[in-house]
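Taking it in order: structure first as structure tokens, then the write-up.
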Amino acid sequence: MMSMRIKGLIFDLDGVLVDTVPAHFAAWKRMFEGHGYKFGNAEYRDLVDGRLRYDGARAVMLRHSDSDVRRAADMKNDYYVDMIDRGQFQVFGEAVDFVRQCQAQGLGLAVASSSTNVRAVLEKAGLLDAFQVVIGGDEIAKGKPSPEIFLLAAEGLGLAVQECIIIEDSASGVQAAKAGGFYCVGLVHDDRSGELPGADRTVSSLSELDLCLL
């Protein structure tokens, strides 16, 4: 697979470890339609999925000023946090199993997510303790598809790019991983993710990954 032994894995959050996509989609849709924009699966996948909240709002709200877009993005986050607080998300059981296996093997583990709520979601999912490094969208200057967040995660783990695998479910996340020189596994649960072009390997579940082959 790679020329160096894998010592760490860097996970996206939404759609990889937990299924918060329905909550994100509902929050985006409520906000955008309240501002007069149509919003469906194509817009979610192509314009907002995996991106920083403001970048996603800006990509859709072309008729609004920057200040209006920022307020709208914050409104979307309020809708989303309310749903998360009410437990309206699912933890992927196979992801929990895989993370715990990696933890038992002594691999470095990080989460690198565009979400600013990443720690709260991981805590509710019972996974926060598994990760040595957690980076959210409020800790970076440029969101995906910039590789900044993944490079920071690798640095936090004390590992070289070639020693890490990125696990992503969005096109912008795969682009970010490859821009940083990482090996990237694309996770495709269903047609939400599309084909994830550029991923070095695609799987439909983390249960398909064999630690012995990493």
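Some observations on this one:
- Antiparallel %, DSSP beta bridges [both residues in the chain], to 5: 10
- From the largest down, region 95-214 spans 34, 32, 28 angstrom on the principal axes of its Cα atoms.
- The chain: Lys pairs at Cα distance under 16 angstrom, eight or more positions apart or on different chains: 5
- Relative contact order computed over region 21-85 (Cα-Cα under 8 Å; 6+ residues apart), in percent: 38
- Helix 93-104 vs. the chain, principal-axis angle (Cα, 0 to 90°, nearest 10): 40
- For region 21-85, the residue among Ala73, Ile84, Gly40 whose Cα projects farthest onto the positive side of the dipole built from Cβ charges is Gly40.
- Averaging 1/r across all pairs of distinct Cα atoms in region 21-85 and inverting the result yields a Kirkwood radius of 11.5 Å.
- Value of Rg to Rh for region 54-121 (Rh from inverse mean 1/r over Cα pairs, i.e. Kirkwood): 1.14
- Furthest towards positive pole of dipole, Leu128, His64, Gly50, structure part the chain, Cβ charges: His64
- Between the Cα long axis of helix 21-34 and the first principal axis of the chain there is an angle of about 20°, rounded to the nearest 10.
- Taking 0.36 nm per residue of separation and subtracting the Cα-Cα distance, full extension of the segment from Gln162 to Gln88 would add 23.0 nm.
- Rounded to 10°, Cα long-axis angle of helix 148-157 versus longest principal axis of the chain: 40
- Considering only Gly15, Gly93, Ser146, and ranking their Cα positions along the charge dipole of the chain that arises from unit charges at the beta-carbon of Lys, Arg, Asp and Glu, the one farthest toward the positive end is Ser146.
- Debye intensity ratio in log₁₀ form over the Cα atoms of the chain, taken at each q of 0.09, 0.11 Å⁻¹: -0.32, -0.49
- Euclidean distance of C-alpha centroids, region 83-105 and region 106-185, integer Å: 16
- Relative contact order for the chain, counting Cα pairs under 8 Å that sit 6 or more residues apart, in percent: 26
- Using the rule -39500 (n - 2.57) for each DSSP H run of four or more residues, divided by the residues of the chain, the 222 nm mean residue ellipticity is -11500 deg cm²/dmol.
- When +1 charges are put on Lys and Arg Cβ atoms and -1 charges on Asp and Glu Cβ atoms, the dipole computed for the chain relative to its Cα centre reaches about 400 debye.
Throughout, read-outs are computed from the coordinates displayed, never taken from laboratory work. What you see is a predicted model; the values in this text were computed from it and never measured. For neighbour counting, all protein chains shown are included, and Cβ atoms are generated from backbone atoms with ideal geometry for every residue, glycine included.
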